[in-house]
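One structure below.
The values are calculated or read from the model by the stated rules, or taken from the named source; none is laboratory data. Nothing here was measured: the structure is a model prediction, and the numbers come from that model. So basically every Cβ, Gly included, is an ideal-geometry build from the backbone, and we count neighbours across all protein chains shown.
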Amino acid sequence: MKILMFGWEFPPHISGGLGTACDGLTKGLAKHQVEVLFVMPSASGDEDQSAVQIINASDVVAFQTKEEAHTLFEKVQFLQVTSNLIPYLGPDEYTEQMDLHRQEEWNTFKISFGNKYKFSGKYGTNLMEEVMRYALVASAIARQHTFDVIHAHDWLTNMAGIAAKRVSGKPLVIHVHATEYDRTGEDVNQQVYDLERRGMEAADRIIAVSDLTRNTIINKYHIHPDKVVTVHNAVDFSTVEDRHVVRGVPEKIVTFLGRITYQKGPEYFIEAAYKVLQKTKDVRFVMAGSGDMFHRSIRRVAKLGISSHFHFTGFLRGEDVKNMFAHSDVYVMPSVSEPFGISPLEAMRAGVPAIISKQSGVAEVLNHAIKVDFWDVNALADAMYGLLTYNALRSMTVKHGLEEVNALKWDHAAAKVKDIYRAVLEESLKNTNV
Amino acid sequence: MKKTICLYFQVHQPYRLRQYRFFDIGKNHSYFDDFANKTIMSKVASRCYIPTNRLILDLIREYGGAFQVAFSVSGMAIEQMEQYAPQALDSFKELAATGHVEFLAETYSHSLSSLISPKKFKNQVLMHKKAVEEHFGQKPKTFRNTELIYSDTIGALAAEMGFATMLAEGARHILGWKSPNYLYVNALSPKLQLLLRNFRLSDDIAFRFSDREWGDWPLTAEKYAGWIAGALEKDEMVNIFMDYESFGEHQPAETGIFDFLKALPGMILNHTNLEILTPAQAAAKHQPIAPLHVPYAISWADEERDISAWQGNEMQQEAFNNLYALEDRIKKSGDMDLQRDFRRLQTSDHFYYMCTKLFSDGDVHKYFNPYSSPYDAFINYMNVLSDLTLRTPK
């Protein structure tokens, strides 16, 4: 079985969890004899290609001939994101307008004719344009390669997935790692939402990283439940080494590590810290990360008068993150909304017991973490206090948590994904036979 | 000689804890969820205790002495009935007055004290014995330990306290090829006779009665009496022991459980070689077949039939040890409120909630559990225990 997979990033150059997940999944698929052509906008050449063949979209010439370009154009002209719906227009006027519109599209389309497009592969200001050009190149790639199923990760690659499907007629699987609702709360960017929904509607099957995300897809994007399957993420800790650090302070340390944004629930961490500090001063709290609620958080901590026991580190990366886990006694992820959430697994892998919000996807796969509602500051404080005070609680969550985390293998997730490939392949064969 | 059937029902309700946060420690000494306890007791009384007692009373009147049953009612259940459902308690007293119902002794708090020390265990049993005399006007001769926890030493202790008979689980790993359907004796004190639960026939009612996936659904009294008669073709006695809440609560009235119970005595007595006796009568009538060797404690819980449901992990052990470390000082304090709270915190259910087997083996655990995770249960219990520790004089 051969898969044409569209991603946005791949290790070692990653800025989020998506690249890591793609890496783990493709390695798992390789073990199940699934071959993956992995397309990304901008590859650096130092990606680990042991399990995948990387196609760098920046290297692909979209179209060789004008005829090719014309047939493709017919199939992928939907790529323009501007809406064609103009109110109060008669049918004749509408046709006229549409012709004009198609002409414009063709003009922009021609620019890429015979050329390569250098993608940044970042999440910059011209992201929308890159997303569209990526789809254009995707359609070319879909013509140049043979494969059985298309698999596209998140909204950035949805258009690429649709384009490849139109060109090749192969079934499309859309993998949702996060939705616009997770990123922004209720204040969604309509353009992004539309792209997500178009991808979901065009897909033959949608993979959600948690039941939580699956519910969002069903309820907010109005997709039929039968089409959406949950496959929980896994983690690959095979290369993680144990780490020992010398502590500078005698107190135990409770850590928040992540972006300091609405989605991550930093304010609940602060309020719970305040409650714990009312009872005991034998503990320090650390908030590691940066984000748009950073300053507000500092002000709140100062106002509560707990600054002497509450520390901000700013943004941490790489080694510092690992050191932070090694310094921690309790890890807290009070996310308001978290499609999956890999960081508690990293904490537990480092022997740090975790408190996670029930509103996270990872809560669905963990038994040996303490789960609270993100808004329930009392329960959160109580869990912190319990882990700091009651030794048996600590040793049990650490011991069983480690076993549990080590059992979350990409191998298992990949097997489920392969089943999904098989199912969509069968369906598409049936449809062509009829 | 006629073959014997023993029916015994366990009546127990724990005092459930309220949500007790760490910032309550040292400030708030009310630990129990009065609302939940009252609601549950009222519900169970009206769905199970009162209607089933009435049915059993009618059956006793109908069959005279030919239909008899046994109960043990934990001190926690007695107290909560007094508080929240006095009619239910009255209906048990009414049953006691018929002379055809045996009330057994157990630990007052439905506690695990038999696993701690003989002295603490005996205190608990004596206290319950007194409560049975006071409420039901009987001096218990038969003993049943919390959750049917039994070992050679626990049995010997019961014998020392003057009990002639004790109930235990017919655990497969103890019996091996032997049948539970005979009278056995304790390996250390042969004068203590043992009635062993036939778990298959007991669970047919308690767990499987309403299970439509079960090949033998629907279970009729006639079919069931036939199974008993079949088991007694060779063997001597069948002991059917279960939670009383099976009637009307775990198996709701709509399942037909009451019709089943109503028809059962008639169907059993249709087999003219069968009789229904109380545990004390049954033990007095039959000859023991062999001593039973139980070096490690067994119980009627879970697949393992051991004590791992309450003592299987570090949290349970830590909570357990911390609790009993306070006992002597609490007794010495003479503080009645403190002693009452201590009694209620001993109930085995609190430890059951902390069981981590829940994750693998656990529909039954989930059913009885007010907590969403054993970790939550432990945190809550330890917060309460921290406050109890502060209240206890040094």
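A few notes on this one:
- In this entry, A:Asp182 passes the filter for residues that are in the same structural domain as A:Ile420 (by TED's automatic domain parsing), modelled with pLDDT under 95 and buried (at least 20 other Cβ atoms within 10 Å of the Cβ).
- Conditions (1) more than 14 Å from chain A (Cβ to nearest Cβ); (2) out of contact with any Ser or Thr (no Cβ under 7 Å at 6 or more places or on another chain): number failed by B:Ser386: (1)
- Taken over the stretch B:122-155, the criterion of being farther than 18 Å from B:Phe9 by Cβ, hydroxyl-bearing (Ser, Thr, Tyr) and assigned to a helix (DSSP H, G or I) is satisfied by B:Thr153 alone.
Let's see how each residue does on (1) facing chain B (nearest Cβ under 9 Å); (2) touching a helix residue (DSSP H, G or I) at 6+ places or on another chain (Cβ under 6 Å); (3) not polar (S, T, N, Q):
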position	(1), (2), (3)
A:Asn323	no, no, no
A:Ser335	no, yes, no
A:Phe340	no, yes, yes
A:Gly351	no, yes, yes
A:Ile356	no, yes, yes
A:Asp382	yes, yes, yes
A:Met396	yes, yes, yes
A:Glu403	no, no, yes
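- Listing of strands (runs of 3 or more DSSP E) fully contained in the stretch B:164-223 that carry 1 or more residues being more than 21 Å from B:Phe9 (Cα to Cα): B:184-186
Condition check ((1) among the hydroxyl-bearing types (Ser, Thr, Tyr); (2) touching a residue at least 40 places away in the same chain (Cβ under 8 Å); (3) crowded, with 18+ Cβ neighbours inside 10 Å) across all residues:
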{"site": "A:Phe10", "(1), (2), (3)": "no, yes, yes"}
{"site": "A:Ile14", "(1), (2), (3)": "no, no, no"}
{"site": "A:Gly24", "(1), (2), (3)": "no, yes, yes"}
{"site": "A:Lys27", "(1), (2), (3)": "no, yes, yes"}
{"site": "A:Phe38", "(1), (2), (3)": "no, no, yes"}
{"site": "A:Ser42", "(1), (2), (3)": "yes, yes, yes"}
{"site": "A:Asp46", "(1), (2), (3)": "no, no, no"}
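- Residue satisfying condition, being free of Cβ contacts under 8 Å to residues at least 60 places away in the same chain and under 22 Å from B:Ile149 (Cβ atoms), within set B:Asp203, B:Asp216: B:Asp203
- Checklist (1) without any contact (Cβ under 8 Å) to a residue 24 or more places away in the chain; (2) closer than 19 Å to B:Arg21 by Cβ; (3) away from chain B (no Cβ under 11 Å) applied to A:Glu426, failing item: (2)
- Residue ID - nearest to the other protein chains (Cβ to nearest Cβ), chosen from residues in the stretch B:9-32 that are crowded, with 23+ Cβ neighbours inside 10 Å and among the polar types (S, T, N, Q): B:Gln13
- Candidates B:Glu106, B:Glu102, B:Glu169, B:Glu94 - the one that is charged (D, E, K, R) and within 25 Å of B:Lys331 (Cβ to Cβ): B:Glu106
- Counting only helices (runs of 4 or more DSSP H) that sit wholly inside the stretch A:195-314, not one has at least 2 residues that are polar (S, T, N, Q), within 30 Å of A:Val417 (Cα to Cα) and modelled with pLDDT under 95.
- In this structure, A:Leu387 qualifies as surrounded by 21 or more Cβ atoms within 10 Å (Cβ to Cβ) and more than 8 Å from every other protein chain (Cβ to nearest Cβ).
- So B:Asp243, is it within 17 Å of the chain's Cα centre (by Cα), outside the structural domain of B:Ser202 (by TED's automatic domain parsing) and in contact (Cβ under 8 Å) with a residue 60 or more places away in the chain: no
- Sole residue being of a type outside the set (Gly, Ala, Ser) and free of Cβ contacts under 8 Å to residues at least 40 places away in the same chain, chosen from B:Arg21, B:Arg16, B:Arg61, B:Arg47: B:Arg61
- B:Gln317 vs. criteria of a type outside the set (D, E, K, R), within 18 Å of the chain's Cα centre (by Cα), more than 29 Å from B:Ser210 (Cβ to Cβ) and within 14 Å of another protein chain (Cβ to nearest Cβ): no
- Top-ranked residue in the stretch B:317-372 [being touching a His at 6+ places or on another chain (Cβ under 9 Å) and assigned to a loop (DSSP other than H, G, I, E, B); ranked as modelled with the lowest pLDDT]: B:Cys355
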